[in-house]
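Structure first, commentary second.
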Amino acid sequence: PRMARTLHRIWTLLVPALLAFGPAQATDDIFIVPVDGKTVGTPLRITDRAEYDNQPQFLPDGRSLVYTSMRGEATDIYRHDLKTGESVAVVSTPQSEYSPTPVPGQDAISVVRDYGELKQQLWSFPLDGGEGRLLLPDVNPVGYHAWVSDEQVILFVLGEPHTLQLATIGSGAGKVVGESPGRALARIPGRREMSYVDKTGDAWWLMAIDPATGTTRRLIAMHAEREDCAWAPDGSVWMGDGSELYRWDADSEAGWQFAADLAKHVIDGITRLAFSPDGTKLAVVGARP
């Protein structure tokens, strides 16, 4: 039909013009999803801005969480009180800080400080606003991290290829224990093992690693090109795929089980996930078009 031909011609003229400006930019919002075992409740939005808000992690009290936020030329770390709904800056410096993570046994968080030009180092900052401390001067550039113990961390270190490393605070360089890891590093509840996603092959696998021996084992294959997941205190793992949440019970022979579709709450493009210490709240990062 004439109308179809006309629309096709308009589209063929329009697409090159759109591509000349590059792909549309997307940022993210953070939501809190109530979880009761396998049941998912109605999400609560805690950020609603066009700028970058990402990387949520609950603090040990479960009443607040920290996250990375872009509100100027650099990213800072904000603390969000779940009762009052207020967010306040807890780390704000001329540099950018990312990946806020509670430090075991301290009222502090560890962060990746980005100086630019691939200088990214692990620091800690007290939550009361005190001075920061460089933790691993000899490990650079750090991308992501998780605490193994009070003194040991597992790290995603950028390079060709990216490497998975173990390092002890104050002991110098890290020890390479793997290649091409994903960014989701975590402790496995009830075990001494840590988890990461192995991206070396066509299929990406959730792996367990014993920090004491370096021994690894496969747990479950991730959905295609999905690297973000979070452990619940009950030992299950949760993963996002588009607008959907999936759950895997590590004690079951079944694979990923559908848990919920958050599309009706206008949540899609799920990436980062983080559970509260009691497992009743799941922080979810969803794409904002």
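The values are calculated or read from the model by the stated rules, or taken from the named source; none is laboratory data. In this text the structure is predicted, and so the values were computed from the model without any measurement. In this analysis, Cβ positions are derived from the backbone assuming ideal geometry, glycine residues included, and neighbour counts consider all displayed protein chains. Calculation scope for accessible area: heavy atoms of the full protein, side chains included, ligands and nucleic acids excluded. Shrake-Rupley method; radii C 1.70, N 1.55, O 1.52, S 1.80 Å.
Less than 12 Å Cβ to Cβ from THR216, Lys/Arg counted +1 and Asp/Glu -1: what total charge do the surrounding residues give?
Details: positive: ARG217, ARG218; negative: GLU179, GLU193, ASP198, ASP210.
Net charge in that neighbourhood comes out at -2.
Provide the net charge surrounding HIS162, with neighbours chosen by a C-beta distance below 11 Å and charges set as Lys +1, Arg +1, Asp -1, Glu -1.
Taking every Cβ under 11 Å from that of HIS162, the sum is 0.
Under 22 Å from the Cα of LYS199, which lysines turn up, not counting those fewer than eight places away in the same chain?
LYS175
Give, in nm to one decimal, the length gained when the segment between ALA212 and ARG191 is fully stretched (0.36 nm per residue of separation minus the Cα-Cα distance).
Additional length available on full extension: 6.3 nm.
If you find the alpha carbon centre of the stretch 202-231 and of the stretch 63-131, how far apart are they in angstrom?
Centre-to-centre (Cα) distance: 27 Å.
Can you tell me the 0 to 90 degree angle between the C-alpha axis of helix 2-19 and the longest principal axis of the chain, rounded to 10?
Long axis of 2-19 versus the principal axis of the chain: about 30 degrees.
Using a basic spin-label model with each label point 7 Å from the Cα along Cα→Cβ, how many nm lie between ARG63 and GLU86?
Result for the modelled spin labels: 1.3 nm.
Show HIS80, HIS265 ordered by accessible area, largest first, where the area counts protein heavy atoms only and the probe is 1.4 Å.
Values: HIS80 10, HIS265 55 Å².
From most accessible down to least: HIS265, HIS80.
Assuming 0.36 nm per residue, please report the length gained on full extension of the stretch MET70 to ALA287 beyond their Cα-Cα distance.
The span from MET70 to ALA287 would gain 76.6 nm if fully extended.
Can you give the alpha-carbon Rg of the stretch 155-237 over 2.2 N^0.38 Å, where N counts its residues?
Working: Rg = 12.6 Å, N = 83, 2.2 N^0.38 = 11.8 Å.
Computed over Cα atoms of the stretch 155-237, the ratio equals 1.07.
Which of the lysines could be linked to LYS264 by a straight reach, that is with a Cα gap under 22 Å, when you skip same-chain ones fewer than 8 residues away?
Within the straight-line cut-off, LYS264 pairs with LYS38, LYS281.
Any idea what the dipole of the stretch 138-284 comes to, in debye rounded to 20, about its Cα centre with Lys/Arg Cβ at +1 and Asp/Glu Cβ at -1? Don't skip to the end; give the middle numbers.
Numbers: 13 positive and 21 negative charges, 37 e Å.
That gives a dipole near 180 debye.
For HIS223, what accessible area in Å² do you get when you roll a 1.4 Å probe over the heavy atoms of the protein chains, rounding to the nearest 10?
Near enough 50 Å² of accessible area.
Just to verify a number: what accessible area does ASP128 come out at with the full protein assembly present, 1.4 Å probe, Å² rounded to tens?
Rounded to the nearest 10, that gives 130 Å².
With a 1.4 Å probe and all protein chains kept in place, how do THR84, THR93 rank by accessible area, largest first? Mind dumping the intermediate values first?
On the way: THR84 85, THR93 30 Å².
The residues order as THR84, THR93, largest area first.
ARG183: net charge of surrounding residues, Cβ under 12 Å, Lys/Arg +1, Asp/Glu -1, itself excluded?
Residues near ARG183 contribute +1 overall.
Leaving out ligands and nucleic acids, and using a 1.4 Å probe, what accessible area per residue does the chain come to in Å²?
In whole numbers, the chain has 51 Å² accessible per residue.
Ignoring ligands, DNA and RNA, how do SER124, SER180 rank by accessible area with a 1.4 Å probe, largest first?
Descending accessible area places them as SER180, SER124.
Any idea of LEU118's accessible area? Nearest 10 Å², probe 1.4 Å.
Roll a 1.4 Å probe over it and LEU118 shows about 110 Å².
Can you give me the % of accessible surface on the stretch 204-279 that is carbon or sulfur? Probe 1.4 Å, all protein chains present, nothing else counted. Intermediate results must be reported in sequence, preceding the final value.
Working: 1560 of 3470 Å².
Looking at the stretch 204-279 in its full context, I get 45 percent from C and S.
With n ≥ 4 as the cut-off for DSSP H runs, can you work out [θ] at 222 nm for the chain, using -39500 (n - 2.57) per run divided by the number of residues, rounded to the nearest 500?
Roughly -2000 deg cm²/dmol at 222 nm, from the helical runs in the chain.
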